[in-house]
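Below is one structure, written out as structure tokens, with a few remarks after it.
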Amino acid sequence: MSESIRTPSAWSLPWHTLRLAGRCLLPLVMWYSAGQLVRFGLLVGGTELARGSMPELRLALTMLIFIVMVMANLVVSVGMFYTLRGALWEMRARRADGDEQEGFVGSLSRVIIPFVALYLTWGWHLDDVRAFLNMDIQRQSDKKGFAGAFYDLATGQHQNTGQILTTLNFNVTLGIMIAAFVARYFFTIWHERNESRPAAIAVAFCELSFFYYGAQVVVSRGDWVGGRAAMSWWGGFLGNLELHIPGWQAFWGLVGAVKPYAWDALVLPAAWLTVAILMYGAYAEDANTVIKGTRLETTVAQAGETITARTHSLTRRTLTRFFGRWGHWVPLANTVRLTVRGGGPLFGLFALCFVALKVGEDYGRRGVAYLVGSDHPLLYWNVVDVPVELVFGLAATVLTTCLLAATFDIAAGAERRRRAEAATVNGRTAEPALAQASPRIHSATASARPGSPVPSGPRSAR
């Protein structure tokens, strides 16, 4: 029975993280190494393909290669989380309760669509864009020198180095964006009707294509958008607020100073923990699921009935679209709620360990650079940086993945114990869980299939 399965305490989080890393080190290293090899090959191939005859076609294919690279990164992340499933106490408890083990392909098809939504809405795509453009700058600088990479030294003509993702033809980009949107619509219908695994992956790929090619459409028309009367009005409105409200500038200056620290120390760890919860179950993108069992549930239900009775359906749809801009905060709120219910110290210790890994990675790189010394040519650093980046990136990624999995494991175990104790007190049998189970899976903490996907950007509230 699941009651006999051991569950770690919140204070054992660092040790539990190291235990997971030790038990699954080899497959984690293999996943990371394969991912880095594929990533490097696509980076080099994409930057080389961007230059030559037929530039419009080449740039469109370069964006396609970039999207394939992003998909590969997401698949590697899913694979690393999947590797840790067998070492988690919560998964053993589910097996003891009779739940079937989910295969990797099934897990990938279940999580890839909401994972893409989280990847886009939390801005993690910017790191991949930066890496792609930096590779282009580095390779062109190696061939032509740093100055020659940006300007033709013979003619003075500007080169498109570092702009291969933002100089696509408007008509070509718009056509691809529309095609991706239409394809995404049909693949979504196929996925919803048959729960097809290939359809789920195709939906995620079309979602990324629509986002990136759509972003290029917006960038290519940036001057047109900035010159609209609405943008001028908005700029004047903010200027009037700053002029007439005392302390407005000081307040936002304080927010700007505090936000980077709060973001890196609290929001970013919680967002990545949302990914772990998505991988292992208890993911929620519905606000009703997040507030279920709390004091807000009754209040929100009454407010919903009042709004339904007194407003037009068009008004309700408009409000849903408006508040959907903040839809990506709903899974994050669910993450914080579940983690805090697993024990108040758990989230604080998790955030502390998360930040400590990032700080340790940065100081480790600095320490190696200090030991090597600075009196070396640039080519020397181009060679030395490769193994250094690989080793520190591997260590940080493996430990961070294990930390996320360990945090989920402890929170799930605490919730399982809490519900078991509540069932004992009430004299009835309750299935311990973190969230409502899917109809095909017995355990309430098992991985439930998220709702139907939405267009790129923040997920709409439903």
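Readers should treat all values here as calculations from the given coordinates under stated rules, not as data from a laboratory. All of these numbers come straight from a predicted model, not from anything done at the bench. Note that each Cβ is placed from the backbone with ideal geometry, even for glycine, and that neighbours are counted across all protein chains shown.
A few comments on the model shown:
- Computed E for Val355/Ala72 - FRET, C-beta separation, R0 30 angstrom, nearest 0.05: 0.60
- Using a Förster distance of 45 Å, the FRET efficiency for Val44-Val425 (Cβ separation, nearest 0.05): 0.15
- For Asp264 and Val368, the difference between the fully extended length at 0.36 nm per residue and the C-alpha to C-alpha distance is 35.0 nm.
- Applying 1/(1 + (r/R0)^6) with r as the Cβ-Cβ distance of Gln101 and Val383 and R0 = 30 angstrom yields a FRET efficiency of 0.10.
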